[in-house]
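Single-structure report; data block below.
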Amino acid sequence: MNEYFLVGSVLDTVKDGFLEILRGLCDNPENKPIEFLETEYIFSKINPNGSSVSLRARRVGSPPDQTQHCHLKYVGGIDQKTDKVMVRTYNDCLTSPNLNEYLMALGFNLETELIVKGYLFHKGHLKVVVSKIFQPSSAGEPQPVSNSHLVEISRTGPPGQTTMGESVKQFADLFKPFVRMERVSQVVEELNF
Amino acid sequence: MPITYVFKISIAIDQIPQFRETLEKRIQALKPRQLNQFQVQAVVFQATNQTAIHQYLHSDYSSTCFSLIEPSTPQQEIKVLTGDIGLASLQRRILDGEKKALQLDLIGSAFKLGDFQIKIGTITQNSSNRGLLVEISYCASNNNDAYGVIIEFVESHLGLSNSYEMLSNYVKRKAPTANYTPEDTIIQYYDHFNSLRSQTSQLRSQIN
């Protein structure tokens, strides 16, 4: 399975206006957007053949809530050949709450822990997520990583589907001039994260 | 949630088909409702850090994949991760570079008789028989009630004596008041499949 996606950002000060626009553009505008608060754990491991594997585990709620089910996601490197949208390999599944313990037993190391708070919208098969990323701190309140919200449009499907990439790009163009959803190089993306 | 016990029938490999037929005839004599064929698949991956990862698929939980990490010492608990069927393909990503050690399959017939579900199946490895398992599920309110009823069913209707010995060590250790979940069924399969693997390796060492 591949993920066709684009990312952008919107300043915190204009986020509310952008959410209203998204409500109008996406399905079920009469409903409020789905709000979520999740903790994301990024695990990595070096395999015997030398390659490294990185996995993202998400849990509903912020620590110390450990009772909810987890979401495990594998995303591959971004395919540099595509021009309109970014494409990467994508596998995911829902798991029982003991996911972190399981990954640690497999030899994975916890690299980063982030708290993600945001809104989820749907437009057909497209998924739009507007989220703010926080760094957990031992002193209490989590600290925001930046003064903006991350905007992500994505769609999953079989590899080589150019129409899927086009649908992502077309919908992303509707966000202009509020948010520029562009294809960024992996280096810039890593710097932003 | 029905309580499920898995019994391993100790029998010579060449007698497995005949004995399975006998057990099925005994159940059919009670005029049960025949259910679809059931299947359990176990794939064992051998990780480089000496731990083995077992992936189980059970036809009763067709959208679920169970992944077990074999404990390095007998005192440690078995870690079971339950995920949707996507976990099976994700596991290949997680275990990239680890070798697939073996695959065991269990295929058999299933029957429903009142509150009981009876499954009789043959374990195969590379299409050769390895063992015979009987899975009995009973809708009970707690394990204390189920244990006696299931043992009585096995002894009276299937005609199997010393049924306690056929249970896995996991069930023998489990507290009688504890709840039963699908993970417990899978751990029982894991115990029985592991005992078959150790029997096979013992036989090999005796031959050598």
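Since only B:Ile11, B:Leu167, B:Gly114 are under comparison, the one whose Cα sits farthest along the positive direction of the charge dipole of chain B, derived from C-beta charges on Lys, Arg, Asp and Glu, is B:Ile11. Rounded to the nearest 0.05, the FRET efficiency derived from the C-beta distance between A:Glu152 and B:Glu24 at R0 = 51 Å is 0.40. Accessible area per residue for segment A:2-190 is 51 Å², calculated with a 1.4 Å probe on protein heavy atoms, without ligands, DNA or RNA. For segment B:3-201, the Cβ-based charge dipole about the Cα centre amounts to some 280 debye (Lys, Arg positive; Asp, Glu negative; other atoms uncharged). Ranking B:Ser59, B:Leu132, B:Ile186 by how far each Cα lies toward the positive end of the dipole of chain B (charges on Cβ) leaves B:Leu132 at the top. As a calculated quantity, the FRET efficiency between A:Gln161 and A:Glu182 at R0 = 25 Å, using C-beta atoms, amounts to about 0.75.
Of the solvent-accessible surface of the protein assembly as shown, computed with a 1.4 Å probe and all protein chains present, 49% belongs to carbon and sulfur.
Ligands, DNA and RNA excluded, the heavy atoms of A:Ser146 present near 60 Å² of accessible surface to a 1.4 Å solvent probe.
Quick check for you: which residues of segment B:100-114 have the amide N under 19 Å from the point 7 Å beyond the Cα of B:Ser195 toward its beta carbon? The answer is B:104-107.
Our estimate of slack between B:Lys31 and B:Arg93, defined as 0.36 nm per intervening residue step minus the Cα-Cα distance, is 17.7 nm. Here each label is just a point 7 Å from Cα along the line to Cβ, and for A:Ala139 and A:Asp12 those points are 1.5 nm apart.
With the simple spin-label model, which puts each label point 7 Å out from Cα in the Cβ direction, the B:Ala12 to B:Ser72 separation comes to 4.2 nm. Projection of the Cα convex hull of segment B:1-151, averaged over all directions and equal to a quarter of that hull's surface, yields 10.6 nm². For B:Glu155 and B:Asp115, a Förster radius of 22 Å and the Cβ-Cβ distance give a FRET efficiency of 0.80, rounded to the nearest 0.05. Relative contact order for chain A: what percent, with Cα pairs under 8 Å and sequence separation of 6 or more? Here the relative contact order equals 31 percent. The smallest convex shape that holds all Cα atoms of the protein assembly as shown, its convex hull, gives 194 Å³ per residue. Go ahead and collect, in residue order, the members of segment B:62-87 whose backbone nitrogen is under 12 Å from a label point 7 Å along the Cα-Cβ direction of A:Lys45. The answer is B:68-70.
Computed from backbone phi, the HN-Hα couplings of segment A:156-171 come to 10, x, x, x, x, 9, 5, 5, 5, x, 5, 5, 5, 5, 4, 5 Hz, rounded to whole numbers (Karplus: 6.51 cos²θ - 1.76 cosθ + 1.60, θ = phi - 60°; Gly and Pro given as x).
Under the simplified labelling scheme, the A:Thr112-B:Ser128 pair shows an inter-label distance of 5.2 nm, with each label point 7 Å from Cα along Cα→Cβ. Shown are A:Lys84, B:Lys31, B:Lys174, B:Lys112, whose ranking by accessible area with a 1.4 Å probe and every protein chain present, most to least, is B:Lys31, A:Lys84, B:Lys112, B:Lys174. Think of segment A:2-190 as a dipole: +1 on every Lys or Arg Cβ, -1 on every Asp or Glu Cβ, centred on the Cα centre; then among A:His125, A:Pro142, A:Ile34, A:His125 lies furthest on the positive end.
Basic side chains Lys and Arg get +1 at the Cβ, acidic Asp and Glu get -1 at the Cβ, and with that the dipole of chain A about its Cα centre reaches some 360 debye.
If you wrap the tightest convex hull around every Cα atom of chain A and split its volume per residue, you get 139 Å³. Counting heavy atoms of the protein chains alone, B:Ser63 has an accessible area of about 80 Å² for a 1.4 Å probe. Within segment B:65-154, the GluC sites (Glu not before Pro) that combine a DSSP coil assignment with at most 13 other C-beta atoms in a 10 angstrom radius are B:Glu77. Of A:Lys15/A:Lys45; A:Lys45/A:Lys123; A:Lys73/A:Lys117, which sit over 27 Å apart, Cα to Cα? Over 27 Å Cα-Cα: A:Lys15/A:Lys45; A:Lys45/A:Lys123. Using a probe of 1.4 Å, the accessible surface attributed to A:Met1 totals some 120 Å² when neighbouring protein chains are kept in position. Here the Gaussian network model covers chain A, with springs between Cα atoms less than 10 Å apart; of A:Ser131, A:Ser154, A:Ser167, A:Ser167 fluctuates the most. The candidates B:His192, A:His125, arranged from most to least accessible area with a 1.4 Å probe in the full protein assembly, appear as A:His125, B:His192.
The values are calculated or read from the model by the stated rules, or taken from the named source; none is laboratory data. From a predicted model like this one, the values you see are computed outputs, not experimental measurements. Every residue, glycine among them, receives a Cβ derived from its backbone with ideal geometry; neighbour counts consider all protein chains shown. Quick note on the areas: whole protein, heavy atoms, side chains included, nothing else; ligands and nucleic acids left out. Shrake-Rupley method; radii C 1.70, N 1.55, O 1.52, S 1.80 Å.
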